[in-house]
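Since every read-out is calculated from the coordinates, none of them should be taken as a lab result. Because the structure is a prediction, the values reported are computed rather than measured. Reconstructed Cβ throughout: ideal geometry from the backbone, glycine too, with neighbour counts over all protein chains shown.
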């Protein structure tokens, strides 16, 4: 469920087919995200899950799989 939510959020933000996003997808290398894109994604995840993600944690969330693992640990 978390993976699908993250995948759909990324697909919408980057206007790509959700099916192309896997746990190994790198936000910068594969999706072409820049720092503003990453900030927008973090804010979106914080709103979606009612959490606060520190800048230190956010810096570690550079693949879809890492994002999903991080969110799963918070539940």
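If each DSSP helix of 4+ residues adds -39,500 (n - 2.57) and the sum is divided by the residues in the chain, what number results at 222 nm, nearest 500 deg cm²/dmol? Walk me through the intermediate numbers first.
Numbers: 4 runs with 42 residues, N = 75.
Taking each H run of at least 4 residues, the total per residue is -16500 deg cm²/dmol.
Quote to one decimal, in nm, the extra length available between residue 59 and residue 11 on full extension: 0.36 nm per residue of separation minus the C-alpha distance between them. Don't skip to the answer; put the middle values down first.
Details: separation 48, 0.36 × 48 = 17.28 nm, distance 2.04 nm.
Gain on extension, residue 59 to residue 11, equals 15.2 nm.
Which ordering of 70, 49 is given by a fewest-first count of other beta-carbon atoms within 10 Å?
49, 70
Work out how much length residue 52 to residue 19 would gain on full extension: take 0.36 nm times their residue separation and subtract the Cα-Cα distance, in nm to one decimal.
Values: separation 33, 0.36 × 33 = 11.88 nm, distance 2.79 nm.
Result for the pair: 9.1 nm of gain on full extension.
Can you give the relative contact order of the chain as a percent, counting alpha carbon pairs under 8 Å and 6+ residues apart?
Reported as a whole number, the value is 41 percent.
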